[in-house]
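> Right, I'll just put the structure down here and ask away after.
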Amino acid sequence: MNTILLLEDEENLRHGICFKLEKEGYRVIATQTIQEAKQALLHEDVRLILCDILLNGESGLTFCRYVRNELRRDLEFIFLTAMDQEIDIVMGYETGADDYITKPFHLSVLMSKVNAVFWRLERRRLRQDAGDTPVIKSGPLLCYPGEMQLVTQQGKVSLTRNEYLLLQLFFNHPGQILSKGQILSQLFDADGDFADENTVAVNIRRLREKIGDDAKKRIIKNIRGMGYVWDLEVEKLQ
């Protein structure tokens, strides 16, 4: 059974989310403080975290940094937030979140995002079970599919899920202009209706930083009014 960690200090909302998720067949570990959530992660096989940003005297951003930097980078992380200003959303993504839901929200929207997460995870598992995948080389970059890691001239770097999916999309379509809509559909699959185009810009910038993309000679080029293009050749190494 897929396990979800919920960190939400508003009691009624916490109970409502738990009821809905459990009704849909998920196992939910409900917590209301960062300390409780940390303890749960040490002892439970959690696949997805749903986390409020504004907690009593604490910040969900701090918890997200802890998860990404000190625990497991492969965990799916979705923020639940009443802060819908662009800067707040950008901060959430830069901290390492995969997605966000703005309060108030319908539980059907939450379920759509949660179902999409586990559908992606299952699809990834099936691809991995199908056999070994060749290492991908593009210019000075080496990517090891399935490991969410990239080797650059500066050394090995870890990628978030969105950064990894974005890189794979570029590797599959080198030299081709990809619109923001195409990129969103890759990052969020069928759930892209609930994301906005700012998500693309944030993930592009984060990926550029990790691959050492020089502003004087871009690897990921922005084609104004059209989208983005990966401007390197790509080859698969057996």
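> Restricting to bridges with both residues inside the chain, how much of the DSSP beta-bridge set is antiparallel, in percent to the nearest 5?
Restricted to the chain, the bridges split so that about 55 percent are antiparallel.
> Now for a different question. Name the residues of the stretch 135-174 whose amide N is less than 20 Å from a point 7 angstrom out from the Cα of Lys221 along the C-beta direction?
Backbone N within reach: 138-141, 167-174.
> Then there is this: Rounded, prolate or oblate: which fits the stretch 3-128, taking a ≥ b ≥ c as square roots of the Cα gyration tensor eigenvalues, rounded meaning a/c under 1.5, else prolate when a/b beats b/c?
Verdict is rounded for the stretch 3-128.
> Using the Karplus curve 6.51 cos²θ - 1.76 cosθ + 1.60 with θ = phi - 60°, what ³J(HN,Hα) values do you get for each residue of the stretch 205-212, in whole Hz, with x for Gly and Pro?
5, 5, 5, 4, 4, 6, 8, x
> Please report, in whole Å, how far the alpha carbons of the chain spread along each principal axis, starting with the longest.
Principal extents (largest minus smallest coordinate, Cα): 52, 39, 31 Å.
> Would you calculate a helix-derived [θ] at 222 nm for the chain, using -39,500 (n - 2.57) for each DSSP H run of n ≥ 4 and dividing by the full residue count, to the nearest 500?
Helix contribution divided over all residues of the chain: -13500 deg cm²/dmol.
> Hey, another quick one. Measure up Lys156/Lys216; Lys180/Lys210; Lys156/Lys180; Lys103/Lys137 against 31 Å on the Cα-Cα distance and list the ones that go over.
Over 31 Å apart, Cα to Cα: Lys103/Lys137.
> About the Cα centre, and with charges only on the beta carbon of Lys, Arg (+1) and Asp, Glu (-1), how big is the dipole of the chain? Nearest 20 debye, please.
Result for the chain is approximately 880 debye, rounded to the nearest 20.
Throughout, read-outs are computed from the coordinates displayed, never taken from laboratory work. Just so you know, these numbers come straight off a predicted model, no measurement behind them. All Cβ positions, even for glycine, are placed from backbone atoms using ideal geometry, and neighbour counts span all protein chains on display.
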